[in-house]
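As structure tokens, the structure follows; a few thoughts come after it.
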Amino acid sequence: MSGILLDVRNIGKNFDAIAALSEVSVQVEAGERIGIIGPNGAGKTTFFNCVLGVLTPDTGTVYLASEDISQFPVHERARRGIGRTFQRIELFSGSTVRDHLLIAERIRRGTGNLWRDLTGRGKPRIEEIEACDHVLDLLGLGELANRPIEQLSLGQGRLVEVGRALMTQPKVLLLDEPSSGLDHQETADLAETLLEVQASSNFSIILVEHDVELVASFTDRCYVLDFGRLIASGATQEVLTNPVVREAYLGENIS
Amino acid sequence: MKKGLGSALLVVAAMAVGACSNASEESKDTSVDTSTETTEAVAPGQRDEFVAITGVPGVTDEEISYAVIGTKTNNPLGTCILDCFTEGIEAYFAYRNSEGGVYGRDLVVADVIDDELTLNQQKSLEVASSSDYFGVFQATLFPAGWGLLNDDGIPTYTWGIHGADAANRKAIFPSMIIRCETCTRPAMPYIASRVGAKNAASLGYGISETSKVCTQTIAASFDLYESESGVANAYMNDNLAYGLPNGIGPEVTAMKAAGVDFIATCMDLNGMKTLAQELDRQGMGDVVLYHPNSYDQTFVAENAALFEGDLVTVGFRPFESTSDKGSKDEFLKWMEELGYQPNELAMVGWISATQVFDSLIAAGPEFNREKVISSFRAVKEYTAGGLLQPIDMSTAYIPYVSGSPDAAAETQCESFVVIVGGKFEFLDDASKPWYCWAPGADAEFEPELVDFD
Amino acid sequence: MLFASSVAEDFLRGILQGLPPGAVYGLIAVGFVLAYKTSGVFNLAFGAQAYISAALFFHARNEWQWNVVVAFTFAVFLVAPAIGLILERLIFRHLPPGSALAKLVIAIGLSVALPHLFELLIGFEPVGGRTPEGLLPNGGGVFYDPFGVYPLSRNELTALVVAVIATALLTALFRFSAIGLQMRAAVESPRMTELNGIRADRVAAFSWALSSTFAGLAGVLMAPRFNTLAAPDYFNLIIVAITAAAFGRLMSLPRALVGGFGLGILIAQVDTFLPRFSANNSWVKAIEDNVTPAMPFIALFLLVAFWPPLRANKDQVDPLSGVDPPPQLPVAVVRTRFMTNLTHSVGVGFLSVVGFVVMTRADKSWVFLVTQAAIISLILLSITVLTGLGGMISLSQGSFAAIGAFTVFQLADRTGMSTVLAAVIGALVAAAVSGLLAIPLVRLGGMWVPIATLAFASFFDAVVVKLPFVGGGDKALIEGTRIPRPVIGPWNLTNDKTFLVFVVLILIVVSAGVIAIRSGTLGRSLAALRGSEVASQSIGVSPVRPRVIAFVISGFIAGLGGALLGMQQENVNYAGNFTPYATLFWLVLVVTLGSRTVEGAIQGGVGFSLFDRIIFRGDLFGWILRDPDRVPGFFPVSAKWRFVLFGLSTIGFAKHPEGLVESGKRKSHERMERRRARREARKSLEGASS
């Protein structure tokens, strides 16, 4: 399968007078892993929010598998195959780890309705539980399935977010700073897990990251944002050695 | 708790209606019978006859016990209801007990129960399921419990403001009878003509159907009797926001433009005060107000200037009546004896207690609840010892509507007083406190001044 | 004749006539915005605070014969700020920032509790027809007429001038002084503020004292507008004031004042000009009849539901709130299956015993109370669905219940339909209304839903109830809104015990439904949305559909409960059962006792109906002492204490948002777990030593 899976064209977004994003275009092919890097406030999370529809961009279009999804609300885009994790972790308080995945699985299957609920057939089915536990095992969370989410560490919470996103069987997975709050080993484990899972289900990944090491090892291509503009793109290794990028992003003054 | 805006509304509407249509049913002949007889069905000597009774709730060899249920806590109107009502009952019981009670037993208020505005049904049920009381008094703002007291056949003596809750309930005996809410009547146009009015207005809150209908009925009465009275229906507003939170400025301006010189309302006493203040402000202090709910000596004395020359309807023989008929003097005497202030609600309590006594007399010495209700309902011309215009108890609980045969046969009597120097006075003959209109559309517009005993 | 005076003059007069009520709305609106800006609390108890100062001033002048300056200083500058400080110190200081809903619930509880507590302490009772006096001598009797069109009284001018000056001063305080900035900052994030070296708690205390003083000032100034000084009037004004405050997006003091004046003037203009056209146009008459009495509520609802700037005003989130300890899980999730089953069996056993006693021994009034408890529990379940599962607060549950009851009344009256069938139809109508109402509301931030539903409830109360096809009509005129009890086949529900069985069966079915919903797709979707709206959407959960469905179900349950309540009382009894103020107390009950669980709702129903009889009347004591005559003399306790008690117990919501029942369960569960752990530790020790 080749061709562009996610095609983001000319996204622009202003907050009052500040241009958070301008003329940003990003293409992702099926099965590809790309990175988006840039300093704090460069517009990386805003970009994710525009792709998923949390924010409505002022200009630009988003195509997923050649379908224009720009007018769809967030949950419709999600159902069409965009999964996501969050920089500031977003979990469902009062639920267990498995609950997080179960609701995603149920929504993906689309089998829930009020009548089933009322007739007592809305409870999780065995095959749904098994599907969730499979992903939890992949992420190394199997032991924690019944634990309340409040008892988890931040790193474990991030894994739950990944698991929850995976349950939607996304075509593109947006990972927003997955390494923040994780130590070196945890980050490496996470990357490894993601690679494994991706290998088995063949989705694309867009990674927003500070951790250059992770970007370098994990992504094929990458884009660099600075003050809402794309200043570079290309194969990751090339981009990371680009002097303009190093100046803007890594603060190195190469004179 | 639920004492929000909505709650007080219905109350006021009901009060207003009570005032509008204080009608009574009399015998079918067309002239007003001025020589109504007293209604004690049994000779006075018999009331001392003691017969041992068992198995009747609230009755021992010494006492006949009653409960009083009423609104005290959370009363949003801030008026004295339960306490004043009870004082009137106690005064009457003290008066009768001083003469030996009835059937060798004392009449006793065994419990005074505050229904806290919203617990009337609960409190009524507690009384109904207890065997400590023979009957119940009720002066409550939300009469939710009357239906079940009626269903249980418990004689229930109530104040007169909740016509709809007393309707078609034989065991409920209100102090004032309201049978028709939509009947146009000559009283208001006549009274307006008596104070020389030319352009009349009718005002009411838009908060409930009853309140609106009350206002519309007054306006229709002005229209109907315009040729006789010379008073035109110049302004009508049945849509005021309850409690007048925005004041009543624009409405008064409109009335001024319409040349209004007489205003009849279906409003509570607070609303009347707001209205009078606004009239003063816009230079219309001379306009005569007809008050449905202001027979309150303290209130009127405190606002003497504001209400000077206004008219107030009274649901019973006014205290200012000079006739020696009726038990009004006993009321004043026994209220003083017990150290109570006479007022409207106390008089209502006194009237209800009178009904208790008279219904026991009607039932005879071997009385029970069922006999008390059925014999009292057989009384044809009941005046509570000259305090009310005559009521046919056998039909008083059945409502009718405008245009029905009952409406054509209705004799209307109205008693009202005028405010002079913060006190109430009669406009005409203080010894004949009622103005009565014969039934029928072609009857005289001029009423007859009447006294009942 | 009506056109005799010129339109321009009438317009000017309308403005002048609208100023006095406008000043009152403006004063409360400004105070309301002030409280919101400085404490982040949507202070529905603001009216209660204003009432206390007004009543205290009134009481001090009339009963204690105090000098006007002394009374004013005492009521406004001493007691009012003291109340604010106490509230801050005892309650609001302990709330995490950003917990807008918790604060709202507590404010609702306070608005129920404070007036009653004050009246109990001072012995204050409203006195009908006694107009509270103003600050200046003969304030109601001296008039000034600058334009020769309409005179204003000295009291009204005082209120006007103070409203304008106070707003100007407060605006300046916020714009130019350090403390103004600090107050804003302290609301948004106390921790952030502390990091900047500012004592956030002192700033918050100052904020509360300031806004409470303003409440007192507003209360005293507006009192002369009422001819009876009573707490409900102040509560009702709050709803109007929120409308004015909404014009300023709850943030701008001057715009809140302008909103207040605007509302007063708008009403006066409508009352001036609309009647001129309504005589000849029936549709204008219809508007006049239905809109004029409820203008503020309609305006508020439209503003909240459809005015974009307000919708953008989402709840603030403390950037450092991640540091807060997370909320606790329901015990049922944590405890073992065995314990769950055991608890359930004990509960079922207890209820069976109670049921047996009621069916065999209870007299009519106890049967009535138990039936009422079951019906109220049912209605409270509608709040469980909406608030417990959906995390949304609705203040119009009373209206939905009333819709159910009125539908039964109308259908039974007009068609003679069986009231059971009519009850189902009534519930469906309530569900439909609730769902339609929800569509524009559910996307709003958390606290706008309660405000908009409060506006709807007030509109329902002021307008809908009197419509002939709802609560009015010929029948209502003559006999009120009576409802017959149904007969189902061999069962005659006029028998109170049969009716109780009928009600309990419905309660069981609905409870089972609520439990099924909680563990099904809808419950899980709602839990997800409650936890994180954006994350839920990112896995495909619609942020609208589950919430609208929750409203529909909640409306259905409330409507069904309302219909049953009407059947039980054999009358709708709208004013006693379903007014907006009643809804407040329902919500207070559920939230205090536990909004997530069926038990919470049932205990709420029991508390509503039986608390008074069992506890306050001393019946329980009498039973324990085996002799009603030995009950101590302070029984029966004044019923006002019930409102004080439940109202104040919402404070517990701050510590235990899951409700008293849940937190009690957790504590006993933890105790048992500890005991078990000790036992096991001992066992293993013994095992090791042997």
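What follows draws every value from the coordinates through simple rules; no lab data is involved. Quick caveat, the model's predicted, so the values are computed rather than measured. Cβ: placed from backbone, ideal geometry, glycine included. Neighbour counts: every protein chain shown.
Mean silhouette area of the protein assembly as shown, derived from the convex hull of its C-alpha atoms and averaged over all directions, reads 60.7 nm². Working note: Karplus 6.51/-1.76/1.60 with θ = phi - 60° gives segment B:239-250 the couplings 9, 5, 5, 4, x, 6, x, 9, x, 9, x, x Hz, where Gly and Pro are set to x. For the protein assembly as shown, what proportion of DSSP beta bridges, expressed in % and rounded to the nearest 5, is antiparallel? Around 45 percent of the beta bridges assigned by DSSP in the protein assembly as shown are antiparallel ones. Ignoring lysines fewer than eight residues from C:K640 along the same chain, the ones with Cα atoms less than 20 angstrom from its Cα are B:K2, B:K3, B:K72, B:K123.
Quick one: angle between helix C:231-247 and the longest Cα principal axis of chain C, in degrees between 0 and 90, rounded to 10, please. Approximately 70 degrees, to the nearest ten. Where a Cα-Cα gap under 16 Å defines reach, which lysines qualify for C:K497, not counting those fewer than 8 residues away within the same chain? Qualifying lysines at Cα under 16 Å: C:K364. Amide H contacts under 5 Å for A:R84: A:L174, restricted to partners 5 or more places along the chain or on a different chain, H placed in the peptide plane at 1.01 Å from N.
Computed over the alpha-carbon pairs of chain A, the distance histogram in 10 Å steps reads 7, 30, 35, 21, 6, 1, 0, 0 percent, short to long. Per residue of C:292-301, other chain Cβ atoms within 10 Å of the residue Cβ number 2 on average. From helices alone, chain C scores -23000 deg cm²/dmol at 222 nm; the rule is -39500 (n - 2.57) for each run of n ≥ 4 DSSP H residues, then divide by the residue total. Shape call for segment A:29-132 from the C-alpha gyration tensor, a ≥ b ≥ c root eigenvalues: rounded (a/c under 1.5), prolate (a/b greater than b/c) or oblate? Since a/c reaches 1.5 and a/b is larger than b/c, the shape of segment A:29-132 is classed as prolate. Spacing of the modelled spin labels on C:L302 and C:R679, each 7 Å from Cα toward Cβ, amounts to 6.7 nm. Residue by residue, segment B:192-198 carries 3J(HN,Hα) couplings of 4, 5, 5, 9, x, 6, 10 Hz when phi is fed to the Karplus relation 6.51 cos²θ - 1.76 cosθ + 1.60 (θ = phi - 60°); x denotes Gly or Pro.
Relative to the 2.2 N^0.38 Å rule of thumb, segment B:109-204 has a C-alpha radius of gyration ratio of 1.43.
The Rg/Rh ratio for segment C:1-79 is 1.20, where Rg is the radius of gyration of the alpha carbons and Rh is the Kirkwood radius. Quick check on segment C:143-247: take the gyration tensor over C-alpha atoms, sort the square-rooted eigenvalues as a ≥ b ≥ c, and tell me if it's rounded (a/c under 1.5), prolate or oblate. The shape class here is prolate. Each label was represented as a point 7 Å from its Cα along the Cα-to-Cβ direction; for B:D392 and B:E370 these points are 2.7 nm apart. Treating the angle as unsigned and between 0 and 90°, give the value, to the nearest 10°, between the Cα long axis of helix C:397-415 and the longest Cα principal axis of chain C. Between helix and principal axis, roughly 80 degrees. In angstrom, the C-alpha Rg and Dmax of segment B:46-155 are 14.7, 46. The residues A:Y63, C:Y574, B:Y242, when put in order of fewest to most other Cβ atoms within 10 Å, stand as A:Y63, B:Y242, C:Y574. What Kirkwood hydrodynamic radius, in Å, does chain B give when the mean of 1/r is taken over all pairs of distinct Cα atoms and then inverted? After inverting the mean inverse Cα-Cα distance, the result is 22.2 Å. Over segment C:362-616, the ratio between the Cα radius of gyration and 2.2 N^0.38 Å evaluates to 0.98. Taking each residue as 0.36 nm, the span from C:M251 to C:R361 lengthens on full extension beyond its C-alpha to C-alpha distance by 33.7 nm. Listed by chain and number, the lysines whose alpha-carbon sits under 28 Å from that of B:K256, ignoring those within fewer than 8 places in the same chain, are B:K198, B:K212, B:K273, B:K423, C:K285. Proximity of backbone amide H atoms, modeled 1.01 Å from N, is registered between B:T411 and B:S24, B:E26 at under 5 Å, excluding neighbours fewer than 5 places apart on the same chain.
Applied to segment B:127-137, the Karplus parametrisation 6.51 cos²θ - 1.76 cosθ + 1.60 on θ = phi - 60° returns per-residue 3J(HN,Hα) values of 5, 5, 8, 8, 9, 8, 10, 7, x, 9, 9 Hz, with x for Gly and Pro. Calculated mean residue ellipticity, 222 nm, chain A: -11500 deg cm²/dmol, from DSSP H runs (n ≥ 4) at -39500 (n - 2.57) each, averaged per residue and rounded to 500. From its DSSP helices (H runs of at least four residues, each -39,500 (n - 2.57)), chain B gives a residue-normalised ellipticity at 222 nm of -10000 deg cm²/dmol. Contact order, relative form, for chain C: 19 percent (alpha carbon pairs under 8 Å, 6 or more residues apart, mean separation divided by residue count). For chain C, the alpha carbon convex hull comes to 216 Å³ per residue, rounded to a whole number. Put a dot 7 Å past the Cα of B:A301, heading toward its Cβ, do the same for C:I86, and the two dots end up 3.7 nm apart.
Relative to the first principal axis of the alpha-carbon coordinates of chain C, what is the inclination of helix C:178-188, with its axis defined by its Cα atoms, in degrees from 0 to 90 and to the nearest 10? For C:178-188 against chain C, the angle is about 30 degrees.
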